[in-house]
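Remarks on the structure that follows.
The values are calculated or read from the model by the stated rules, or taken from the named source; none is laboratory data. Note that the coordinates shown come from a computational prediction; the quantities given were computed from them, not determined experimentally. Cβ placement follows ideal geometry from the backbone for every residue including glycine, while neighbour counts extend to all protein chains displayed. What goes into the accessible areas is simple: the full protein's heavy atoms, side chains included, and nothing from ligands, DNA or RNA. Shrake-Rupley method; radii C 1.70, N 1.55, O 1.52, S 1.80 Å.
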Amino acid sequence: MPSKHKVATTDELTDGSRVITEINGQEIAVFQIDGEYHAIANYCVHQAGPLCEGKLTGETYVEDNGWDWNYDDDEKHITCPWHGWLFDVTNGENIHNSKYKVPTYNVEIENESIFVVR
Amino acid sequence: MTDYFKMFVGSNTNRLLSPESIRTIEGWVRVPNMGSPSNTAESQRIRNLDELDVIVDTDAHIRETIDDLLPYIDDQYEGAKWIVERTEHPERDIYSLTHSLPPSLHAERGGWSADTNTVDKKLNELDEFNIDYGIVDPGLNLVLPTVNNERIAVALTKAYNNWLLDNFLDEGNHRLKANLLVSHHRPEMMAEEIDRMAGEKDIVGVAFPSTGVIPPAGHDRYDPIYQAAEDNGLPVFFHGASTNTSHVFPLQRMYNQTYTEDHVIIHPFSQMWNLSSLIFQGAPERFPDLDFVFQESGVGWIPYLMWRMDDHYLEMNYELPLLEKMPSEYIHDQIYFTTQPLGHTEDNPRHLAMAIEMAGPNNIMYSSDLPHSDFDPPSELFNRIRGHFDRETVENIMGETARELLDL
């Protein structure tokens, strides 16, 4: 039966910041990105690295002219500090291949407190 | 601890893993695009070469000479022709055909003499090994990338194509199909050449001699060639040649003191360079309807490079925005490989079949390389794979995949 676990208050978690905690033995990170809260396991499915201790980053992309490289600064991708694998913290999917997926968890806000449901 | 359990990964700490992560890892190790391997029922196996409906040799060489080509040089290139026909050693001074040591001591079935450059003799070669179709590739003109004069390179390319039409394809046998030749020197002119030749009967692909091609095959200077090939529905065949080592790996040529050292390394080297360039520079992304074929490096290197490319792709996001999917997915979708030379694999015959399984058997096509003296007869491949794959997979590798790809 899932239960709610308080991890922080909303004023503690500013835009682009995170908190990493342990819930029922599972390390889970909660990120605040553009006012939304996202919970994801602190576990890289590549080699079991501490995924959520890495940097948040955007994504390079090619312009329609096929030549220019640009950088999308919507920094919602967590970079594993071990080998650089990138996962979208909003859905847990590897940005290159969705068959690699890290568990995500529901987040609820009540009275300015942030809860992870697990 | 009933909802999840501990999993120890290597020397890592006891990080806790939930059931959904386990499912992800199971999906992760599954190999895509496999044929049916060794658990195939005995009744589904194929036992004898005679049971095959078709055997296609996807690398059937002919042995054109300068004297063959000279009459076929267009009037437009009269000046180039004048120089070539007065060159005492054109293989050396027009082309730069060099070996570390001469391979002529190797075997009686030599690779470079001109004694089988006729249709009848080429058909005899196919008949000797019960091969139904031969996809004809050049011999001397594998060395085309070493021609340092662009006008002469273009003149010789077109001369080869004219000679090919006149001597091999207009003979009406239809068992010999051919790749039209392009050089890397002037891609726009080669696009015109593809358009000129593509409609000729029995032209099934574009031969792009690829050792000595600088910059490598993924560079967008070759886009006109790929665009024309895609527009005409012709796959592009990359064929290496250790004869060209001096132009692309001069240090290796300098210190490879034997033909063996040169030949062992340069074929896979140059194909690895061209394939990784092609993938990471996004050529399959730019030409999604174009197929590419890599010839004459065997199959053992394919899983190695594929694993390596996928690994880098997942780790080097910031420098690979041209790619929309895994390198191995581009390979499975658009890249084919011909099998010769298989190497000495008979100590455990299954090893070769396992390498093909790892590479993706749907993209592997039999080739002989006849008449060169490291050729593989059909039985050499067939005997290694028939016990490992089901009947359909074996049929595909020996000929059906080529029949479909090349519309035979």
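The table that follows gives values for the structure above.
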item: Helix B:19-29 vs. chain B, principal-axis angle (Cα, 0 to 90°, nearest 10); result: 20
item: Ranked by how many other beta carbons lie within 10 Å on average, peptides B:390-399, A:47-56, A:65-74, B:121-130 from highest; result: B:390-399, A:47-56, B:121-130, A:65-74
item: List of the stretch A:68-106 residues, accessible area with partners at least 50 Å² below that of the chain alone (1.4 Å probe); result: A:69, A:85, A:96, A:99, A:100, A:103
item: Accessible area per residue in Å² at 1.4 Å probe, computed on the stretch B:216-282; result: 38
item: Residue with peak Gaussian network fluctuation, chain B [Cα springs, cutoff 10 Å], from B:342, B:251, B:105; result: B:105
item: Candidates B:366, B:133, B:72: whichever shows maximal mean-square fluctuation once chain B is modelled as a Gaussian network with Cα springs under 10 Å; result: B:72
item: Cα gyration tensor, chain B - rounded (a/c under 1.5), prolate or oblate; result: prolate
item: Choice from B:341, B:90, B:102 with maximal GNM fluctuation in chain B (Cα, 10 Å cutoff); result: B:102
item: Rounded to 10°, Cα long-axis angle of helix B:259-280 versus longest principal axis of chain B; result: 70
item: Estimated [θ] at 222 nm from DSSP helical runs (n ≥ 4, -39500 (n - 2.57)) normalised by residues in chain B, nearest 500; result: -11000 deg cm²/dmol
item: Cα gyration tensor shape of the stretch A:78-118, rounded if a/c is under 1.5, else prolate or oblate by comparing a/b with b/c; result: prolate
item: Relative contact order [Cα under 8 Å, 6+ residues apart], chain B, whole percent; result: 22
item: Stretchable slack from residue B:231 to residue B:407, in nm (0.36 nm times residue separation minus alpha-carbon distance); result: 61.8 nm
item: Occluded residues from the stretch A:18-33, i.e. those whose accessible area drops by 20 Å² or more once the chain is not alone (1.4 Å probe); result: A:24, A:25, A:26
item: Inter-chain shielding of B:305-317 (mean C-beta neighbours from other protein chains, 10 Å cut-off); result: 3
item: For the protein assembly as shown, cysteines whose Cβ has no other cysteine Cβ within reach (under 4.7 Å); result: A:52
item: Accessible area of residue A:9 in the full protein assembly, 1.4 Å probe (Å², nearest 10); result: 30
item: For the stretch A:1-23 versus the stretch B:139-160, the gap between their alpha-carbon centres in whole angstrom; result: 67
item: Accessible surface buried upon A-B contact (total; probe 1.4 Å; Å², nearest 100); result: 2600
item: Separation of the residue A:1 and residue B:86 label points, Cα + 7 Å toward Cβ, nm; result: 10.0
item: Residues with amide H under 5 Å from that of residue B:55, placed H, sequence gap 5 or more; result: B:132, B:133
item: Heavy-atom accessible area ranking, 1.4 Å probe, most first, across B:259, B:336; result: B:259, B:336
item: Long-range amide H partners of residue B:237 with built H, under 5 Å; result: B:206, B:207, B:208, B:293
item: The protein assembly as shown: C-alpha gyration tensor shape, a/c 1.5 cut-off, then a/b vs b/c; result: prolate
item: Listed residues A:85, B:307 arranged by accessible area, highest first, probe 1.4 Å; result: B:307, A:85
item: Backbone N within the stretch B:51-94 under 17 Å of label point (7 Å from residue B:166 Cα along the Cβ vector); result: B:63-82, B:84-85
item: Extended-chain gain in nm, criterion 0.36 nm per residue less alpha-carbon gap, residue B:344 and residue B:251; result: 30.7 nm
item: Backbone N within the stretch B:380-398 under 20 Å of label point (7 Å from residue B:48 Cα along the Cβ vector); result: B:380-396, B:398
item: FRET efficiency, residue B:264 to residue B:308 (Cβ-Cβ, R0 30 Å, nearest 0.05); result: 0.95
item: Crossing angle, helix B:119-128 versus chain B [Cα axis fit, 0-90 degrees, rounded to tens]; result: 30
item: Heavy-atom accessible surface of chain B: percent carbon and sulfur, 1.4 Å; result: 48
